[in-house]
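A.B. asks: Below is a structure I'd like to ask you about.
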Amino acid sequence: MDAREEIDQVVRGFFSGEGRAPSPSLAAGRLHEWLSLPIFESAAYETRREVEIAQVRIDHVDGASATVTFSAIGQTHVRTDLGSRRTFVSHYAGPVVLERIGTQWKIVDYEADGRRLLDGLHTGLDTRQEQDGLRLRVVAVRELTKGIQMAVEVDNGTDQPVRLVRAAIRTRVLWAVAWVDRSVELDPGERRSTWITSESRSRRGRSPRLVLVAESDNRRYAFDIEPVLDGAPTVLSSPRSLPLGLRLQRSRWILLGLATAIVGTMYALGWGWFAAPALVAYGVYALLMGRGVALVRGTRAARAYFAVGLALIAIGGALWLLAGQ
């Protein structure tokens, strides 16, 4: 088999092979470190990959390096023990870079959704936080074109089972609801790796900030951690409370109460004409929050948010029509 045939087989086998993720045996460098994380094998959810390859064209082979033009569409279907389903779609349209390690060709970088993998991949991280025996450690971060993916390790040093409840990630200004596997429950002394993903786009050069909430039968744990992307071992102190931006997302009744307060304040200030569009805008915001809750906890849990949002839009629209008469 000549080099070009071997390169073609490596590229096709890497992207369309079986398993939760591409095989680390076909990768090198930071990509190999990423795919070798235990999380790919220990995650508590079912994963199925589908890749439709459109083109594999070898452009350049020079000694120990090669470049391949690769085009494909990949889908990763995820289903947790709680029945939550997600489908992640990736568009591959760019160069795949390979290096010859010993006698084998290995993939070291590729482009997905318009971004080179190594541009947003941070491995070998060791940022930790502990709260009364429950320990959280961020081990890797991958910045995507349409969001961010974090690999974390949770170590239950308490004397009670602990389950993950919800999470949020802030990469710019606002907090975005993050997807966390709520089927993860750790017995005392157990350690588990899991994914936390968000569709909030990251800002290059800025570390994402993660808030993770876990609970046992008689208490709640809240972590607020900003991983150090240069890999320096770091231990952060425990937060005193959740960030305000996240606390406001805890209840649909807070949404309804805030909307009522906004309308009352506007009428008290003589700005009644502005109450209708404000209610409509707040109703749209509630629908967007409901979409985030649906991604994390399923459609049933988001129904109340959708109901509040539609009610606010209906009331605001009615006030708008009355004001125009």
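The values are calculated or read from the model by the stated rules, or taken from the named source; none is laboratory data. Here the structure is a predicted model, which means the values were calculated and not measured. Don't worry about glycine lacking a Cβ; one is built from the backbone with ideal geometry, like all the others, and counts go over all protein chains shown.
A.B. asks: Scan segment 21-43 and report the pairs whose first residue is free of Cβ contacts under 8 Å to residues at least 60 places away in the same chain and assigned by TED's automatic domain parsing to the domain that holds Ala140 and whose second residue is assigned to a helix (DSSP H, G or I) and hydroxyl-bearing (Ser, Thr, Tyr), with Cβ atoms within less than 9 Å and a gap of 6+ or a chain change.
C.D. replies: none
A.B. asks: I need a count of the residues in segment 149-163 that are farther than 15 Å from Leu212 by Cα and β-branched (Val, Ile, Thr).
C.D. replies: Selection size over segment 149-163: 1.
A.B. asks: Of the residues Ala151, Ala72, Ala93, which single one is part of a strand (DSSP E or B) and surrounded by fewer than 17 Cβ atoms within 10 Å (Cβ to Cβ)?
C.D. replies: Residue meeting the stated conditions: Ala93.
A.B. asks: While we're here: Restricting the search to segment 40-55, which residues are modelled with pLDDT of 80 or more and either β-branched (Val, Ile, Thr) or in a helix (DSSP H, G or I) (or both)?
C.D. replies: Once the filter is applied, which keeps residues that are modelled with pLDDT of 80 or more and either β-branched (Val, Ile, Thr) or in a helix (DSSP H, G or I) (or both), segment 40-55 yields Val51, Ile53.
A.B. asks: Give segment 113-132 a look and list any residue that's closer than 21 Å to Thr171 by Cβ and either charged (D, E, K, R) or in contact with a His (Cβ under 7 Å, 6 or more places away or on another chain) (or both), or say none.
C.D. replies: Listed by number, the residues that qualify are Asp113, Arg115, Arg116, Asp119, Asp126, Arg128.
A.B. asks: Then there is this: What is the number of the single condition among (1) outside the structural domain of Phe15 (by TED's automatic domain parsing); (2) in a strand (DSSP E or B); (3) not aliphatic (A, V, I, L, M) that Thr158 does not meet?
C.D. replies: All conditions pass for Thr158, except number (2).
A.B. asks: Scan (1) surrounded by fewer than 20 Cβ atoms within 10 Å (Cβ to Cβ); (2) at pLDDT below 85; (3) part of a strand (DSSP E or B) for the single condition Ala178 breaks and write down its number.
C.D. replies: (1)
A.B. asks: Got a number for residues in segment 113-147 being within 22 Å of Pro95 (Cα to Cα), over 15 Å from the mean Cα position of the chain (by Cα) and surrounded by fewer than 19 Cβ atoms within 10 Å (Cβ to Cβ)?
C.D. replies: Residues meeting the conditions: 6.
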